[in-house]
Amino acid sequence: MAPKSKSNQDPYFKPGSKVEIMSDEAGFRGSFYIGTVMKATRTPEFTVRYEKLFEDEEGTKPLQETVNEFQIRPIAPREKKREFKFSEEVDAFHNDGWWEGVITEVNENGKFAVFFRSTKEQIEFVEEDLRLHREWVNGEWKPPLEGEEEKGEKEEVEEKGNKGSRKKKKLSEEDEKEVTKEVKRRVSEDFFDLIDIDSFGSDISLFLRSAMNTLSFDGLLYVTSTDGHSSGGHHPDHSLAAFGAYVRPMPYSNEVGLRMLIGGAVREASVLGYYITPLFSYYSYHGPVFRVMLRVNRGKLLENRHYGFITYCNNCGNSQEFSWAELGQISCSCSGSHGSRSLVISGPLWTGPLHSAAYIIK
């Protein structure tokens, strides 16, 4: 016996109701298209007809198909006026549908750069083509509307759709080969808010990129290392291969271990187009154990800020931080402007704060 559905009793989904339809086809996931409910049955399935997707090239025959109840929802609301912010989850009107993405840049020209996880594209939009991303849960929109709802939303969506229409089709076999494995994975899998990596003695750098690629934006990465030999400067060749830092013996090796771990994450993140912010760092002599919690976002570290070199003078005990631009000027005050044989250099390492006081207090 076919399962009964509660959705087909919902007034929002009666025949003739305007709805948004979520596509589950490769290349279209993460998008919603406007349509009309044509038929509701006693099962969890609905027959819908799209407004701006067509079965023919001429655009004369609207596409009609059967979808599951979890694929439809009412027309999403949006505020009459809203100030969008960096890292907010939004829906952007693109190619006749609303596509889920995240704001990665707020530009001075009033436009917003939106990154789409499903296609790994970043596109600029004006404010009128954006709305806060919401989920339809148990008959309610979450998060709820924060201000006055924009009137005539349905008509505006239809008017936007008149700017152009296209045929909805699956990827051809030839196109399928051109789509990278990474894109296929990101299309078909979920993202995580927090990932905890403990490599149990293995090279932690082997797991960083994979973890970052499965984190949601503004997600947290909790990383562990037990490599006390590298942080102590006993295996500089290994620390260079694993963390991208040539570490020499220094009296504060515990702190160096944390900075080496964060610096390695900074390097891997920059390769993928991300930047990180350390929120919490911890060292335990038992192991030893180095633990850091990092926030990952889309963007880049400005001008190699907080990613440089640390020196220690075995003669006077002075320690200094040097940027990449100062590499040819490294010296210690005890030896004037000339280099000293007693000077030990390690890096590149993370040279910024090890904690975020605001985050810890919160």
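I want to make sure I understand the PRE zone here: with the label point 7 angstrom from the Cα of N314 toward its beta carbon, which residues in the stretch 242-274 have backbone N atoms less than 11 Å away?
What the label zone holds, given the 11 Å backbone N cut-off, is 249-250.
Would you compute the Debye intensity of the stretch 190-361 from its alpha-carbon atoms alone, equal scatterers and no solvent, and pass along log10 I(q)/I(0) at q = 0.18, 0.20 Å⁻¹ to two decimals?
So the normalised log intensities are -1.13, -1.34.
Counting other Cβ atoms within 10 Å of each Cβ, which GluC sites (Glu not before Pro) in the stretch 74-132 have at most 13 and sit in a DSSP loop?
Passing sites in the stretch 74-132 are E83, E108.
Between K80 and E121, how high is the FRET efficiency from 1/(1 + (r/R0)^6) when r is the Cβ-Cβ distance and R₀ = 41 Å? Nearest 0.05.
Once rounded, the FRET efficiency stands at 0.90.
Suppose every Lys and Arg Cβ carries +1 and every Asp and Glu Cβ carries -1, with no other charges. What dipole size does the stretch 190-361 come out with about its Cα centre, to the nearest 20 debye?
340
Can you list the residues, at least 5 places off or on another chain, whose amide H is less than 5 Å from the amide H of L63, using H built in the peptide plane?
Y50, L53, F54, E55
Given the pairs K81/K120; K18/K52; K39/K142; K14/K52; K14/K80; K81/K142, which span a C-alpha to C-alpha distance of over 25 angstrom in this model?
With Cα atoms farther than 25 Å apart: K81/K120; K39/K142; K14/K80.
Rule-based calculations on the coordinates, nothing more; no lab input. Quick caveat, the model's predicted, so the values are computed rather than measured. Note that we place each Cβ from the backbone using ideal geometry, even for glycine, and neighbour counts take in every protein chain shown.
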